[in-house]
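Here the structure comes first, spelled out in C-alpha cells, and everything after it is commentary.
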Amino acid sequence: MNYILEARDLRKEYPNKLALQGLNLQIEPGEVFCLLGQNGAGKSTTINLFLGFIAPTSGAAFVNGMEVAANPLKIKEHLAYIPENVMLYPHLTGLENLALFSSLAGFKYKEAELLDYLHHAGLPAEAVRRRVGTYSKGMRQKVGIAIAVAKHAKVLLLDEPTSGLDPKASNEFSQLLTQLSAEGTAVLMATHDIFRAKEVGTRVGIMREGELVDVRPTAALNAQELEQLYLTYMHN
Amino acid sequence: MRIFWLLFSYEWRHFRAAKGLVLLCALLLLTGLYGIYYGTTEMERQRQHLTTLPELSRRNVEELKVKFPGPADAGDIGYYHTTYAVHHPDAWAALSLGQRDINPYYVKLRLLGLQNQLYATDNTNPMKVLSGNFDLAFVLVYLFPLLIIALSFNLLSSEREEGILTLLLAQPVSPGVVVSAKLAFRLAVVLGLAWLLSVVGMLWAQVPLDGRVGTWLGLSTLYCLFWFGVALIITALQRTSAFNAVTLLGVWLLLVVLVPSLLNLGVAAAHPVPQGIELTIKQREEIHAGWDRPKTQTMNRFFALYPQWRDTATIRERFVWRWYYAFQHLGDLAVAKQAAAYANGLQQRYDLVEKLNLLSPAINAQSSLNALAGTDLPTHLKFQRSATAYHDALRAFYYPFLFRKVEFTHNDYAREPTHTFTSQPELSTALRGLGKLLLSVGVVFAAGLLLLRARPINPR
C-alpha cells in the first residue's frame, strides 16, 4: 500500500520533555485523519515533523514515499499547511499574499484565478484588496485556506485550522475538506473540536503525552461516543 | 534562482512599507551628502589658505625691500623674512580628511631654529578637533554599520515573531534562499547608497579617475560586507529581534568605539612618545643659553659640523648674525634625538596599529581610506621631513651671505629656495587594508554559514 503520509517509530525528545514517543501512523490518499488531544499531547509536534520544521530524535516521517529529513524541499511540494493562527505580510493585500505564496509554491495564477480562490475560501470581495493588517483572525485564516487550496497539494496539514472562524465559516471549511478529500487529498488535522473531527474525519487518533493511544474510524462512533472515549483517555 | 528573485522583489515591497527604514536611508543619504560637503569645503578652505601664502611671502619681501632699500645684512633678512613650507592636499583628501585637521598643512619658517617652528600651528577650536571630521569616510565607517544593523537586526526574527515564517517555510523554499534573498536586497540598498555617495563625492571633489576609484569602492564594499557578515552570524543564532539589535549594537560599540580606544591606550603604552612641549622647551632653553655661552665655544661646536666655514673671521663683536644663527641651529641639534624619537614613536605607533587593525575593521577601513587619500600620519611625517629639508636648504642659501659677509641685494630674494609638497597616496597601505578586510569578510561569512548549517532555521 502506498501511504501519502507515514510515520515510522517517530520520536521527538527535548532536553526536558519527551514530545513524541514512537509514533506509527499511515494515512492514505483521500483520508481525513484527525488528531485529538490536550495541549502538549504531541499533535503539533507530529505536524512539525511532517513539515520538516524539526528533526526527529529517531524514526522517520514520510510524505508521498519520501523521507522528510532527506527531502526537506521536495516533500513541501506535496504539502499544504494551515496553522492555528495564519499570519501573513500585513502591508500586502490578501490578493498579494496569495499571489506571493502561490508563486513560492511554483504556481503563477492570473488575478481572476486568485480572486476565485479567495472567494471560495470565503473572503469577502471588499477585503481582497485591503491590507492584511486590517484583517480579523478569521479573514487571515480564510486567506490561509486559499493559499493551501491554490497549492493543489496531495496532503493538507492542519493545526487547529478552524480556530477563529465563525460557525458558518467553520461549516464551509468542513465542506471544503470533504470536497478535497473526495478529490484524493489526504488531510492530517490536529484539533480540539471533537464534533468537527467526527464530522469531517475518516479516522480519529487520540494522543496523550506524546503517544497515539487510540485510533478509531469515525464511522464506528457517534459524536457522544467519541467525546466519551476522548474524555476517558484524558481522565486516565 | 526564480525563488531568490521573487523573494528579492518582495523584499523591495516590504522595504517600501517600512517607512522608518526608508526615512533612515534618506537621512543617511543626506548625512553622506553633508559629509561630502564638509570634506570638500574644508579642503577648499585649506587650499584657499595655501594660495594666499605666496602673496603673504611676496608682501613680506616688499616690506623688507622698503625696510632695507639697499644691500643689507643677510642676517637681518633671514630674521625678518617669512617663508612657508606648504602641504598641498590630494583631491581625494576631501573624501577622507584624516589627520589634515589636527596636523598643520603649512609651516611658517624663518631662518631661526627649526623645531619650535615645525610644531607651531594655528590655534584651532579644541572642541572641533575633539568632535573629529564629518567627512564621507566618517559616514561610511561609523554610520553605515548602524544602517546595516537597522536593516538586518530582524532579518528573519521579525517574520518568526509575526508568525509568517511558518507559512513561508511550509512552501518548497530553502531557508538558505530566504536568508540570502533578504541579505542580498539589504546589501543592494546599502551598497547602492555607499556607491552613490562615493561617486557623488568623487565628482564633487574632482578626483582623478585612476585605480584609486576601484580601491575606494572595494574598501567600502568589503567594509559593508563585513557588517552584513556580522548580521548573518547574529541571524544564525535565531534569537529575538531585541536580542539581535542589542547584540549588533554591542558589536558596533566594541569594534567602532571600544577596540579603537583600547588599541590607542595599548599602543601609547607600548610606544611612549616624548611630549612635543618638552622638546620645544628644551630647544628654547638651549637657544636662550646660547646668549650666555662663550662665542668661541658655540662657534667651535658649529664649525665641527660645518668645517667649510671654519676659516671665517673670529667673532669679536658683541653681536653678529652668524653667531646668532649658529646657536639657533645648535638648539635644533640639541633636541635632534628627541625630535627623531618623537617622529619615530609616532611612526611606530602607526605601524603597530597597522599590525593590530585586523581586530577592528573600522580602524582598518578608516586608515585605509586615509592612506588612499594621502591624509594619514606617514604622509604628514613625510611633509615634516620635506619641511626640514627645506629649512636646511634655506640655511644653505643664507650661510654664504652670513659667513662670507656678502651683502643681500633685492635680486637675491628671487634666488631664495621655495617649498612645495603634495600628498601622495599610500597605496600599499590601502591595498593591505583591502586584503585584511577581505579576510575579515571571509571569517564572518564562514562563521555565519557554519552556524546556519549547524542550527537549521526553526520557523517557530
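The values are calculated or read from the model by the stated rules, or taken from the named source; none is laboratory data. Since this is a predicted model, take the numbers as computed values, not measurements. Cβ atoms come from the backbone with ideal geometry, glycine included; neighbour counts cover every protein chain shown.
Of the strands (runs of 3 or more DSSP E) entirely within segment A:1-95, those holding at least 3 residues that are more than 19 Å from B:Asn458 (Cβ to Cβ) and either touching a strand residue (DSSP E or B) at 6+ places or on another chain (Cβ under 7 Å) or charged (D, E, K, R) (or both) occupy A:5-14, A:17-27, A:32-37, A:58-63.
Do the conditions hold for A:Ser58, that is, is it hydroxyl-bearing (Ser, Thr, Tyr) and farther than 29 Å from A:Leu229 by Cβ?
Yes; evaluated as a whole, the condition is true for this residue.
Taking the condition at pLDDT below 95, within 14 Å of another protein chain (Cβ to nearest Cβ) and surrounded by fewer than 20 Cβ atoms within 10 Å (Cβ to Cβ), does B:Gly211 pass? No: the conditions fail for B:Gly211.
Within segment A:119-128, identify whether any single residue is surrounded by fewer than 21 Cβ atoms within 10 Å (Cβ to Cβ), over 21 Å from A:Gln175 (Cβ atoms), within 14 Å of another protein chain (Cβ to nearest Cβ) and not polar (S, T, N, Q), and answer yes or no. No, segment A:119-128 contains no residue that is surrounded by fewer than 21 Cβ atoms within 10 Å (Cβ to Cβ), over 21 Å from A:Gln175 (Cβ atoms), within 14 Å of another protein chain (Cβ to nearest Cβ) and not polar (S, T, N, Q). When each of B:Ile3, B:Ile36 is tested for being of a type in the set (A, V, I, L, M, F, W, C), within 11 Å of chain A (Cβ to nearest Cβ) and assigned to a helix (DSSP H, G or I), the lone residue that passes is B:Ile3. Within segment A:90-110, residues that are at the interface with chain B (Cβ under 8 Å from one of its Cβ atoms) and at negative phi reach partners that are hydrophobic (A, V, I, L, M, F, W, C) and not in a helix (DSSP H, G or I) with beta carbons closer than 7 Å, at six or more positions or on different chains, in the pairs A:Leu100/A:Leu92; A:Leu104/B:Val173. Would you be able to tell me the number of residues in segment A:176-195 that are in a loop (DSSP other than H, G, I, E, B) and in contact with a Leu (Cβ under 7 Å, 6 or more places away or on another chain)? Residues in segment A:176-195 being in a loop (DSSP other than H, G, I, E, B) and in contact with a Leu (Cβ under 7 Å, 6 or more places away or on another chain): 1 in total.
Considering segment B:357-404, the residues that are farther than 30 Å from B:Leu222 by Cβ and hydroxyl-bearing (Ser, Thr, Tyr) include one that is nearest to the chain's Cα centre (by Cα), namely B:Ser386.
Taking each residue of segment B:1-24 that is touching a residue at least 12 places away in the same chain (Cβ under 8 Å) and looking for partners that are not in a helix (DSSP H, G or I) with beta-carbon atoms closer than 7 Å, six or more apart or interchain, yields B:Ile3/B:Val173.
The numbered conditions (1) outside any helix (DSSP H, G or I); (2) surrounded by 15 or more Cβ atoms within 10 Å (Cβ to Cβ) are all true for B:Leu279 except (1).
Surrounded by fewer than 22 Cβ atoms within 10 Å (Cβ to Cβ), touching a residue at least 24 places away in the same chain (Cβ under 8 Å) and more than 28 Å from B:Val177 (Cβ to Cβ) - does that describe any residue in segment A:50-73? Looking through segment A:50-73, at least one residue is surrounded by fewer than 22 Cβ atoms within 10 Å (Cβ to Cβ), touching a residue at least 24 places away in the same chain (Cβ under 8 Å) and more than 28 Å from B:Val177 (Cβ to Cβ). Listed here are the helices (runs of 4 or more DSSP H) enclosed by segment B:83-184 that have at least 2 residues being of a type in the set (D, E, K, R) and in contact with a Ser or Thr (Cβ under 9 Å, 6 or more places away or on another chain): B:157-162.
Against the test of being without any contact (Cβ under 8 Å) to a residue 12 or more places away in the chain and small (Gly, Ala, Ser), the options B:Gly218, B:Gly250 yield a single qualifying residue, B:Gly250.
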